[in-house]
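First the structure, in the form of structure tokens, and then the observations on it.
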Amino acid sequence: STNTKKAPYVSMSVNCPDALDNITRFASQRWIAQCEFMRALESLLQMKYIIPAIKPPVWWWNLVRDDDAALMKGVLKYGYGHYSSIRADKHFEFDDETLQEKLKPYWERKTTKEKLKLGYAVKGAEAPPGAKPNAKRKLKEDPFEFPSTTT
């Protein structure tokens, strides 16, 4: 049988046995969706300013540069889901050493109260005002940690 899926930028025909029809249809639709995502990403990167409408994933996001654009450029270079490769590439400055080096002065200027409010553990400090003693959320240890892709 022949599966044809048309998308704004890609058209594709796949000839395969009937037993593989559903698998092929799923794989081709996923590939087309990834192509459309990459095309949209390319368009976003050509914009002068990208203003996120959501809360940043960590306190340092977009603090000293446009981290959103850097991450999109990394996805464009390495592909969606290849965050380890993006983080390892020194050009994007998401590796642990670079993050700590660039952000440490900003972190050290924060007060204990600000650090606690952001959800980070501070040695010798009490819980933030209004925090419940049995809070389910554990305070984070590393203020320079890259946002998790699993949460």
Task: Kirkwood Rh, Cα atoms: Rg over Rh of the stretch 21-118 - done: 1.09
- [ ] Give, as a single signed number, the net charge of other residues whose beta carbon lies under 11 Å from the beta carbon of residue 95, with Lys and Arg counted +1 and Asp and Glu -1.
- [x] -2
Open item on the list: Can you give me the % of accessible surface on the stretch 21-118 that is carbon or sulfur? Probe 1.4 Å, all protein chains present, nothing else counted.
Closed with: 54 percent
Task: Under 5 Å, built H, 5+ apart or other chain: amide partners of residue 140 - done: 120, 121
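The values are calculated or read from the model by the stated rules, or taken from the named source; none is laboratory data. Because the structure is a prediction, the values reported are computed rather than measured. Note that we place each Cβ from the backbone using ideal geometry, even for glycine, and neighbour counts take in every protein chain shown. Ligands, DNA and RNA are excluded from the accessible area calculation, which covers all protein heavy atoms including side chains. Shrake-Rupley method; radii C 1.70, N 1.55, O 1.52, S 1.80 Å.
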